[in-house]
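First comes the structure, then the notes that go with it.
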Amino acid sequence: MQSTLYFYGAAGMVTGSNFLLDTGTSKLLVDCGLMQGMGEERNWDPFAYEPKEISHLIVTHAHIDHIGRIPLLVKKGFKGKIISTKATMALAEPLLLDAMEIVAHAAEKGGRGELYNARDIAEAMGLWSGIGYGEEVALPDGVSLTLLDAGHILGSAMVRLSRQGRSIVCTGDLGGGNSPLLPPTHEVADATYVVMEGTYGDKVRPEDSQRREELENVIEETIARGGTLLIPAFSTERTQDLMYEIRTLMVEKRVPSVPVFVDSPLAQKITRAFVAHPEYFTPEIRTRVEAGEDIFGFPELRFVENAEESRRVHETAGPKIILAGSGMSSGGRVIGHERKLLPDPKSTLLIVGYQAAGTIGRRLIEGARTLTLYKEHIPVRAKIETLYGYSAHRDSEGLLEFVNKTASTAEEVFVVHAEPAAAAFLAQRIRDYLSVKATVPQAGDKIVLQF
């Protein structure tokens, strides 16, 4: 009984998650995501496999680096079934429509053709179905599927594939248990093989208990200078976490009351999806939502509806807070705000998540003193702060502990979804501390598994 696992994306890199399992008579995919940052031109490359031969696509969660090429897969002939949690399915369509516009802009800028269109997205959604955590689904060739809570974003899941008493667990992205809204990651204790993320495989995050206090300090210091706090934030999960936290700080009067602008139409849609799926929240948050509390609403909050309103945000006098996409400053309305605020020494730009190599966000945390935005050279005089306590990823210690739970059964761990140094560091720690075989696959690698 053998299967072959192919690593076609997020191997030797962070984004573009895409893995193929050939079980002998059937082929299935786990994720089909866009590459972001450096190497994004490869999104236009042909698939390394024939899409029409794939029977099932299992989706871990709705971030674009995990779902962004699904419409292209459909466009190229995929007619199988797409399976995820119900929340991931609800989030996928607005996220894909938003990505379509960003990709179209990149295509025009790079002189490339259309990657996919709204019809391809609609066709993909027609193939999609949602299941619950722990629900077992029969797949071809005697394989069964179960989705387990990954704790990363709303509806995120680990993919557990089982056959004849052996299992492969693809973690997708693992939450660090630091979201104020979501329950912790489901513990896995009996995996045979683990395909796991290593985004922060070489970093240790500060104690989670400090994150709200650190956010409070950044807000207070920026307001005291009379500046604006700009937070580039992903529309899914990060924006909702921060809205909830800022609401808490203002309701408890721990920070001054100032206008809070959420400048992302996509974030509004995603927030509505969050409220529509309270079953994915922690029991405490779920109870509050079901009792009618608006956990994201507070008087200072203002959603920005269109581009003209976005430009007028800066007409609001005095200190303020702006949350805007995209989270890596790779596009979206945040660029216009950065153009306005980066030259202002009174203002702060707060980085709260992973920044892929080649993105503006990455250049800022690496100390860039000037940027080119809209063909203008923009000096960076604003204070650049980082706060990783809101990261939706586990740090190095958390990743090691995840493997430790299943160390007695794991025959091999494959570290993916990480920059080379982070992946190599984590794999070495797994070998040294847990005596579990751990390797770092590269794009195009294939491994024969006893599965």
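The values are calculated or read from the model by the stated rules, or taken from the named source; none is laboratory data. Owing to the predicted nature of the structure, the values given are computational and were not obtained by experimental measurement. Cβ: placed from backbone, ideal geometry, glycine included. Neighbour counts: every protein chain shown.
Selection of segment 158-177 for residues being outside any loop (DSSP other than H, G, I, E, B), within 29 Å of residue 353 (Cα to Cα) and of a type in the set (D, E, K, R) yields only 160.
Within the set 104, 92, the sole residue that is in a helix (DSSP H, G or I), small (Gly, Ala, Ser) and over 30 Å from residue 395 (Cβ atoms) turns out to be 104.
Which members of segment 305-332 meet the condition of being of a type in the set (Ser, Thr, Tyr) and in a helix (DSSP H, G or I)? Scanning segment 305-332 gives a single hit, 310.
Collect the residues in segment 417-436 that are within 25 Å of residue 165 (Cα to Cα) and either small (Gly, Ala, Ser) or touching a helix residue (DSSP H, G or I) at 6+ places or on another chain (Cβ under 7 Å) (or both), keeping them in residue-number order. It would help to see each step written out before you state the result.
Going through segment 417-436, the residues within 25 Å of residue 165 (Cα to Cα) turn out to be 430-431, 434-436.
Listed by number, the residues that qualify are 430, 434, 435, 436.
A Cβ distance below 9 Å, combined with a sequence gap of six or more or placement on separate chains, defines the contacts here; from segment 128-157, residues that are farther than 16 Å from residue 92 by Cβ and part of a loop (DSSP other than H, G, I, E, B) reach residues that are among the charged types (D, E, K, R) and modelled with pLDDT under 95 in the pairs 151/394.
The condition of being buried (at least 18 other Cβ atoms within 10 Å of the Cβ), β-branched (Val, Ile, Thr) and under 21 Å from the mean Cα position of the chain (by Cα) does not hold for residue 168.
Per-residue answers, yes or no, for (1) in contact with an Asp or Glu (Cβ under 8 Å, 6 or more places away or on another chain); (2) over 20 Å from residue 185 (Cβ atoms):
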site	(1), (2)
55	no, yes
65	no, no
74	yes, yes
80	no, yes
92	no, yes
112	yes, yes
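Test residue 73 against the stated conditions and say whether it is out of contact with any Gly (no Cβ under 6 Å at 6 or more places or on another chain), more than 26 Å from residue 354 (Cα to Cα), touching a residue at least 24 places away in the same chain (Cβ under 8 Å) and not small (Gly, Ala, Ser). So residue 73 fits the description; yes. Listed conditions (1) surrounded by 15 or more Cβ atoms within 10 Å (Cβ to Cβ); (2) in contact (Cβ under 8 Å) with a residue 60 or more places away in the chain; (3) polar (S, T, N, Q) are all met by residue 450, apart from (1).
For (1) under 26 Å from residue 36 (Cβ atoms); (2) modelled with pLDDT of 95 or more; (3) not hydrophobic (A, V, I, L, M, F, W, C), each residue gets a yes or a no:
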{"residue": "261", "(1), (2), (3)": "yes, yes, no"}
{"residue": "266", "(1), (2), (3)": "yes, no, no"}
{"residue": "279", "(1), (2), (3)": "no, yes, yes"}
{"residue": "326", "(1), (2), (3)": "yes, no, yes"}
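Can you tell me which residue in segment 315-332 is farthest from the chain's Cα centre (by Cα), limited to those that are surrounded by fewer than 21 Cβ atoms within 10 Å (Cβ to Cβ) and in contact (Cβ under 8 Å) with a residue 60 or more places away in the chain? The residue in question is 318.
Counting only residues that are surrounded by 15 or more Cβ atoms within 10 Å (Cβ to Cβ) and either at pLDDT below 95 or of a type in the set (Lys, Arg) (or both), segment 366-380 holds 1 of them.
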